[in-house]
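S.K.: Can you read through this structure? Questions will come right after.
The values are calculated or read from the model by the stated rules, or taken from the named source; none is laboratory data. Here the structure is a predicted model, which is why all the values come from computation and not from measurement. Methodologically, a virtual Cβ is constructed for each residue, glycine included, from the backbone with ideal geometry; neighbour enumeration extends over all protein chains shown. Heads up: the accessible areas ignore ligands, DNA and RNA and are worked out on the full protein's heavy atoms, side chains in. Shrake-Rupley method; radii C 1.70, N 1.55, O 1.52, S 1.80 Å.
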Amino acid sequence: MVTPSRQPARRVVIASSHPLFGQGLRNLLKERHATGVEVVGMVTNLEEAISALERLSPDLIIVDYDDQALNRDEFLARFVEGEKKLRVVLLSLQSAGEAIIYDRRTLAASQIDDWLDEWTRAWPREQSQIEEPAAGQKRLLFKGGRSFFDQDRTKPNNQNRRTDMKHLVIAALLVLAVTALLIVGLDQVRLLPVSASAQAEPIDALFRLEFRVIAFLFSLIVVFMLYSIIVFRRKKGDDTDAVHIEGNSRLEVIWTVAPLLTVLYFAYLGGQSLAETVRPEPRPLEVNVIGTQWSWRFEYPEYGFASTELVLPVNKQALLHLSSTDVIHSFWVPEFRVKQDALPGGEEFIRDLRITPTIEGDYKVRCAELCGIQHAYMLADVRVLSQDEFEVWVAESSGVSDDPVERGRVWAEQYGCLACHSVDGTPLVGPTWLGVYGSQETLADGTTVTVDDAYLHESIVEPGAKIVQGFPNVMPENIADQMTEEQIQDIIAFIQSLR
Ligand code: HEC
Ligand SMILES: [Cu+2]
């Protein structure tokens, strides 16, 4: 008995209807190459030979070249159709052991001598047990202590399982290491601004979890890719093809079901976090938030006044009712995380947003929906105060001045006029109010008007009626609908005061 080889045996099929050829060759193989070769089938006719190609998945088929029953042409035609790497040897006894080898991979026929030479060149001399052939005698199929099968390192079942395992363990360790590095590294980078609301917590928790999973998936893909590119790169002078791998149902099921479950699980967690962010608390502070091109207005119905800044008491839930007077805006304070569109269209389009600020400080609300040319400047201050400070602020803000000019300034700010009109001469989207009162205004149609109370009033309640030359007709058509007649008069008084 010869010691069994570590590698799985080469599967050989012998095709001949002559018992002498078939059995003889088989015995010969057994005797000399018991370690590397297993004769897995003996076929005696064409059908058997063709079905053996698939059924027995041989590495090599040795065909009796002189055997008419095996109809060589038809067999070879079928042989080259397949995809699996396979070699066939056409062995002829009549022509003194002349043999032709077809390699399905290259579809090239070569003389067996060339092949043998090539195989043997790679092996150390002393391993070769075969004597040089006597003069005039052709070398036959096998020579040396190892058969040529050992050279075929591209077949999956030849691969040394222990080496495979080694690669897998190294790659797995690298995946873990890169994942850990990414997680630690990303924790150092402040990806998110400070979290300053109770609603931010479930969102951040989900974000952190997803980031960890993503770090792992990223490592999994990148490590296996780079490992394969580097470790299994083509060796110099090796121009064999890679193994043709066809389907692996178990793997395919795993890589379909695992991501599906992951995604479903995250959808479930997402739903949970969303529910958490809209959970009501008893007696919230209600604020109407109104977006206008391009400013914000905050009404405190409980206290009966409005403000251009959003001021909230800490640790008390604020229930914001969002709406817009013109186009879609979006209320977004990054530190609070939650975000909600403010829609035009009246009562039924009002949207709610709940925020429980947890850290006192100054923030900014930004419009997060592209809403026109000044969109980028549609900011307002957000201040989170202690309950006591908040009450002081309420007391200060609810007092209304008895000076119409002072009131007019407040209304002009609160109703967003100052987003488009400056009071210092700077032309913004609309004409400046400085010095406009009493001046001669040239209109788009070339005529001139004197700016008096009546003209100002008309410009506010019916902005499209007279268009100032050089300016677009973008002033909100319905802007006066939100204001009382007194407020309009106050604004006119304020404009009048700007000499
Ligand atoms: C979206 C930008 C925008 C907003 C907001 C806006 N306006 Fe205007 N306004 C304009 C533009 C542009 C013009 C010039 C074109 C025109 O006459 O319609 C204008 C013109 C005017 C004029 C005429 C000025 C002149 O020089 O003849 C008055 C008065 C006026 N606006 C008042 C107001 C008041 C009061 C508010 C707030 C309630 C307001 N506007 C809000 C853009 C705006
Ligand atoms: Cu906006």
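S.K.: Quick check on the range 328-339: of everything there that is away from ligand 1 (no atom under 16 Å from the Cβ) and aliphatic (A, V, I, L, M), which residue is least open to solvent (accessible area, probe 1.4 Å)?
M.R.: Only one residue fits best here, namely Val333.
S.K.: Okay, next question. Which condition number in (1) within 16 Å of ligand 2 (Cβ to nearest atom); (2) out of contact with any helix residue (DSSP H, G or I) (no Cβ under 9 Å at 6 or more places or on another chain); (3) farther than 20 Å from Ala480 by Cα is the one that Glu286 fails?
M.R.: For Glu286, the failing item is (1).
S.K.: So for the range 411-419 (the condition being under 24 Å from Leu379 (Cα atoms), open to solvent by 40 Å² or more (accessible area, probe 1.4 Å) and either within 16 Å of ligand 2 (Cβ to nearest atom) or not assigned by TED's automatic domain parsing to the domain that holds Ile488 (or both)), does at least one residue qualify?
M.R.: Yes, the range 411-419 has at least one match.
S.K.: Right, something else. Out of the range 474-499, which residues are surrounded by fewer than 12 Cβ atoms within 10 Å (Cβ to Cβ), in a loop (DSSP other than H, G, I, E, B) and without any contact (Cβ under 8 Å) to a residue 24 or more places away in the chain?
M.R.: Thr484, the sole residue that qualifies.
S.K.: Okay, moving on. Given the criteria exposed (fewer than 15 other Cβ atoms within 10 Å of the Cβ) and either within 30 Å of Val189 (Cα to Cα) or at pLDDT below 90 (or both), does Gln293 qualify?
M.R.: no
S.K.: Here's another thing I want to ask about it. Away from ligand 2 (no atom under 16 Å from the Cβ) and of a type in the set (A, V, I, L, M): is that true of Leu260 in this structure?
M.R.: Judged against the criteria, Leu260 is a match.
S.K.: Shifting gears a bit: Being among the acidic types (Asp, Glu) and open to solvent by less than 50 Å² (accessible area, probe 1.4 Å) narrows it down to one of Glu391, Glu441, Glu406, so name that one.
M.R.: Answer to the selection: Glu441.
S.K.: Also, quick follow-up: Give all pairs with beta carbons closer than 8 Å in which a residue from the range 224-251 that is β-branched (Val, Ile, Thr) meets a residue that is assigned to a helix (DSSP H, G or I) and modelled with pLDDT of 75 or more; count only pairs at least 6 apart in sequence or on separate chains.
M.R.: If the second residue must be assigned to a helix (DSSP H, G or I) and modelled with pLDDT of 75 or more, the pairs left are Val231/His167.
S.K.: Mind telling me which of the residues Val223, Val278, Val231 ends up being touching a helix residue (DSSP H, G or I) at 6+ places or on another chain (Cβ under 8 Å), surrounded by fewer than 12 Cβ atoms within 10 Å (Cβ to Cβ) and among the β-branched types (Val, Ile, Thr)?
M.R.: Answer to the selection: Val231.
S.K.: Same structure, new question: Can you pull out the residues in the range 300-327 that are within 15 Å of ligand 1 (Cβ to nearest atom) and either open to solvent by 20 Å² or more (accessible area, probe 1.4 Å) or free of Cβ contacts under 8 Å to residues at least 40 places away in the same chain (or both)?
M.R.: Residues satisfying the conditions are Thr308, Ser324, Thr325, Asp326, Val327.
Residue-by-condition table, conditions (1) within 51 Å of the chain's Cα centre (by Cα); (2) modelled with pLDDT under 80; (3) among the hydrophobic types (A, V, I, L, M, F, W, C):
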position	(1), (2), (3)
Arg11	yes, yes, no
Leu25	no, yes, yes
Ile50	yes, yes, yes
Asp64	no, yes, no
Leu90	no, yes, yes
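S.K.: Continuing with the same structure: Only one of these is more than 16 Å from ligand 1 (Cβ to nearest atom), at pLDDT below 90 and not in a strand (DSSP E or B): Glu246, Glu252. Name it.
M.R.: Step by step, each of Glu246, Glu252 is checked, and only Glu246 is more than 16 Å from ligand 1 (Cβ to nearest atom), at pLDDT below 90 and not in a strand (DSSP E or B).
Listed here are the residues, each with its yes/no results for (1) in the same structural domain as Val384 (by TED's automatic domain parsing); (2) touching a Leu at 6+ places or on another chain (Cβ under 8 Å); (3) modelled with pLDDT of 90 or more.
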site: His167; (1), (2), (3): no, no, no
site: Val189; (1), (2), (3): no, no, no
site: Ile203; (1), (2), (3): no, no, yes
site: Ala215; (1), (2), (3): no, yes, yes
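S.K.: If you go through the range 455-471 one residue at a time, do you hit one that is over 20 Å from Gln293 (Cα atoms), in contact with a Ser or Thr (Cβ under 6 Å, 6 or more places away or on another chain) and surrounded by 16 or more Cβ atoms within 10 Å (Cβ to Cβ)?
M.R.: no
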